[in-house]
1. Among the residues of the range 136-156, how many are closer than 21 Å to residue 222 by Cα and in contact (Cβ under 8 Å) with a residue 12 or more places away in the chain?
2. Would you confirm whether any residue within the range 263-271 is acidic (Asp, Glu) and part of a helix (DSSP H, G or I)?
3. Identify the single condition in (1) away from the ligand (no atom under 16 Å from the Cβ); (2) aliphatic (A, V, I, L, M); (3) modelled with pLDDT under 95 that residue 351 does not satisfy, given that it satisfies every other one.
4. With the condition kept exactly as written, say whether any residue in the range 110-123 is within 26 Å of residue 182 (Cβ to Cβ) and among the charged types (D, E, K, R).
5. Looking at 272, 268, 286, can you tell me which residue is within 16 Å of the ligand (Cβ to nearest atom), modelled with pLDDT of 95 or more and over 18 Å from residue 42 (Cβ atoms)?
6. Across the range 356-372, which residue is farthest from the ligand (Cβ to nearest atom) among those that are in contact with a Phe, Trp or Tyr (Cβ under 6 Å, 6 or more places away or on another chain) and in a helix (DSSP H, G or I)?
Amino acid sequence: MQQALTPTTDRGPYSPPSDWKVLSPSYDPWDPIRSLQRFGRHELTSVELTVTHLCNMRCEHCAVGDSLTMSEAPHLPLDLVFRRLDEVQHLETISMTGGEPTFRLETVRDILLPVLKYARERGVRTQLNSNVTLDFERYELIAPFLDVMHISFNYTQAEDFHQVGFARTGRSVRLETTSKLYERMIDNARRLAAGGLFVSAESMINYRTHDKIADIHRLIAEMGCVRHEVHPMYPSSFASGLPSITREQMLAAVNALLDVRHPDIWMLFGTLPFYACNDNAEEGRLLRRLKEEANVTVRNDPDGRNRVNVNLFSGDVYVTDFAAIPPFGNIRGEKLDDVFAKWQEHPMQQAINCHCPTASCCGPNLLVSDMYYRGVDFTKRQAFP
Ligand code: SF4
């Protein structure tokens, strides 16, 4: 059941403008079902910008791990980026991702801040994907202009953070060093949340977390996060060599989390491999539960449905991080709406271009369909009543 969270009356320095609609289970502008319902077809409403390939961590599951570097070229001129964003007719959200977008102070000042100010002026919502392990001053600079600080949180203690977050550094990193970063991450998240920023923590359900997801959730609640976002881990990039868990273990983890979750925290599930068109009683029960519980949503997958990703170094435009799909255009020569329109005709998009209004579902993520549903034509399926 989608129910608005109780809006806070305590406004802090990082709260959004008071006349802006509160982000809530009933208002999630990143969900492609909204634009599909509004326009009767998929429209580009979200742009994700890759602002760096640098990062101070090397998580074992990093979905862009193979593209991380030790140095990088200059960014494209921002006036080109703004011109391309200006042309996106129905733009509602901008996300910025990396690497770690705050790794270099210059990126914070010269890229993040101008993009966030552009978005505020245009009434567009923003999200920054960050590990928040660096000095608070960097986050303090951008927090007054940001809508969602999105952090990864898959830990119950500093040792987990050490094992998960530095697994791919290629050298040994001392626990003492990473513990300091762990403490700083928690402290930064707390301070940002206390200042009125919407902090959303994302956890993956994988071989490490599936049986301790409840403890992870408790720590997320203690940090003051407004939302806990939960996705299964899929074998992309660094994660492709990690052990996988069964769908039954995944189903059990989601149920366990729903049993113990904090009732005021918005639980956002994404890229689940369970669909209302599956003839499986247990999955059906879980989907009903997800639909009926207050403050719980299942977000449809934005990749290629309402969102494209722009690499701010090359200008390449991607519709998904799915490895088999190369860039689909480039902002140096094309409008983003045109690149998006090209993708809508692609056979890979067509094969998962289904929509069941009764289930509020608009089809599977490409990786999920490739992993669990090879050869299935979703356009011939229908949600069970
Ligand atoms: S929209 Fe597609 S994936 Fe979702 S329930 Fe319908 S047929 Fe299944």
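The values are calculated or read from the model by the stated rules, or taken from the named source; none is laboratory data. Note that the coordinates shown come from a computational prediction; the quantities given were computed from them, not determined experimentally. Methodologically, a virtual Cβ is constructed for each residue, glycine included, from the backbone with ideal geometry; neighbour enumeration extends over all protein chains shown.
1. 13
2. Residues of the range 263-271 acidic (Asp, Glu): 264.
Still in the running and part of a helix (DSSP H, G or I): none.
No, there is no match, as no residue in the range 263-271 is acidic (Asp, Glu) and part of a helix (DSSP H, G or I).
3. Among (1) away from the ligand (no atom under 16 Å from the Cβ); (2) aliphatic (A, V, I, L, M); (3) modelled with pLDDT under 95, residue 351 violates only (1).
4. No: the range 110-123 contains no residue that is within 26 Å of residue 182 (Cβ to Cβ) and among the charged types (D, E, K, R).
5. Working: 272 fails: modelled with pLDDT of 95 or more; 268 fails: within 16 Å of the ligand (Cβ to nearest atom).
Within the list 272, 268, 286, the selection yields 286.
6. Within the range 356-372, the match that is farthest from the ligand (Cβ to nearest atom) is 367.
Each row is one residue, and each column tells you yes or no for (1) more than 26 Å from residue 198 (Cβ to Cβ); (2) at pLDDT 95 or above.
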residue: 221; (1), (2): no, yes
residue: 226; (1), (2): no, yes
residue: 229; (1), (2): no, yes
residue: 234; (1), (2): no, no
residue: 239; (1), (2): yes, no
residue: 242; (1), (2): yes, no
residue: 245; (1), (2): yes, no
residue: 255; (1), (2): yes, yes
residue: 263; (1), (2): no, yes
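Per-residue answers, yes or no, for (1) over 22 Å from the mean Cα position of the chain (by Cα); (2) loosely packed, with under 15 Cβ neighbours inside 10 Å; (3) assigned to a loop (DSSP other than H, G, I, E, B); (4) touching a residue at least 24 places away in the same chain (Cβ under 8 Å):
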residue	(1), (2), (3), (4)
294	no, yes, yes, yes
308	no, no, no, yes
326	no, yes, yes, no
337	no, no, no, yes
